[in-house]
Amino acid sequence: MLKRIASFAVLAAFVAGSAIAAGPKADLKDVDWSFEGPFGTYDKASAQRGFQVYQEVCAACHSLKYVAFYNLTDKGAPFYNPDFPNSNENPVAKAIAKMFTVSDGPDETGDMFDRPGVISDKFPAPFANDMAAMASNGGALPPDLSLMTRARVDGSNYLYSLLVGYKDAPEGVELSSGMSYNPMFSGSKIAMAPPLFDGSVEYSDGTKASVDQMAKDLTQFLTWAADPKMEQRKATGWAVMLYLLILAILLYGSYRAVWRNVKH
Ligand code: HEC
């Protein structure tokens, strides 16, 4: 028995150890996100700015293939407007879709053709396929960002920390061409050059586009993209709790009523 417990402990320690080893080397920055906690919601203004940064900077290399344009105006989404409960009718989604060019086809001659996006389209990928993406990025594949904040441990903090985490390589660390030093990335050598610089975008709401601000805005946007139903889930959770509470009170009341005249 003791032996069994000991071997189980060794196994548990091994699993825990390898989980830690697989994570990033440096400590992640722990941001106080608006979407954390049982009442947390996305910061819509921030997520809208994050969308702008994705579109103007990241979309050059990264796809967002699980997000359709109409999703942007769904309930709980960055561009949701209660005047348009049916997100398909929201003119913002249509306007955004139109800004993108989508490859469609084949037409009657068998060729693919380009057309402006419509709301039912998913975000178009910047490259025709993975090989083309790798050929343009020194052999590294820019991953799809739709589920990125779920695909990494502590994903929102990871994404933010990665974007603000670029540093000069310490002495003794050789970087081959096309590589940058980022201690937040597993192995610290990343084939993505620092994508953000102060003023990379110009925010229409007057917010100063510092690297820190853009990284936070992007994190709001991409955390929403990876978990678009979070706000509804939390609301349903609270409704269920309230229902159970009322049920418990009623049950207790009826228990008292039924047993009132029975001597204990
Ligand atoms: C010029 C192309 C390019 C641009 C622009 C770019 N990236 Fe990347 N990105 C890459 C490449 C290539 C990789 C793969 C890096 C590697 O595997 O070493 C990558 C990897 C990543 C990763 C994955 C890290 C991991 O843990 O695997 C994230 C997250 C990411 N990029 C986010 C962004 C965001 C957010 C932006 C916009 C601010 C952005 N990228 C802009 C090329 C780009």
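Extension gain, Ile246-Ser136: 0.36 nm per intervening residue step, less the Cα-Cα distance, totals 33.6 nm.
Among complete DSSP H helices in the chain, those whose alpha-carbon atoms stretch at least 24 Å along the helix's long axis and whose mean Kyte-Doolittle hydropathy reaches 0.5 are 2-22, 230-258. Near Pro143: Cβ cut-off under 11 Å, other residues only, Lys/Arg at +1 and Asp/Glu at -1. The net charge is 0. Accessible area per residue for segment 114-199 is 56 Å², calculated with a 1.4 Å probe on protein heavy atoms, without ligands, DNA or RNA.
Exposed loop sites here mean GluC sites (Glu not before Pro) with a DSSP loop assignment and at most 15 other beta-carbon atoms within 10 Å; the chain contains its longest site-free run at 37-107. Heavy-atom surface analysis with a 1.4 Å probe gives the chain a carbon and sulfur content of 61 percent of its accessible area. For the residues Tyr252, Tyr70, Tyr80, a GNM of the chain with alpha-carbon springs under 10 Å puts the largest fluctuation on Tyr252. A probe of 1.4 angstrom, applied to the heavy atoms of all protein chains, finds Phe123 with accessible area near 10 square angstrom.
The values are calculated or read from the model by the stated rules, or taken from the named source; none is laboratory data. Computed from a predicted model, the values in this text were never measured in an experiment. Every residue, glycine among them, receives a Cβ derived from its backbone with ideal geometry; neighbour counts consider all protein chains shown. When the accessible area is computed, the model is the full protein with side chains, heavy atoms only, and any ligands, DNA or RNA have been set aside. Shrake-Rupley method; radii C 1.70, N 1.55, O 1.52, S 1.80 Å.
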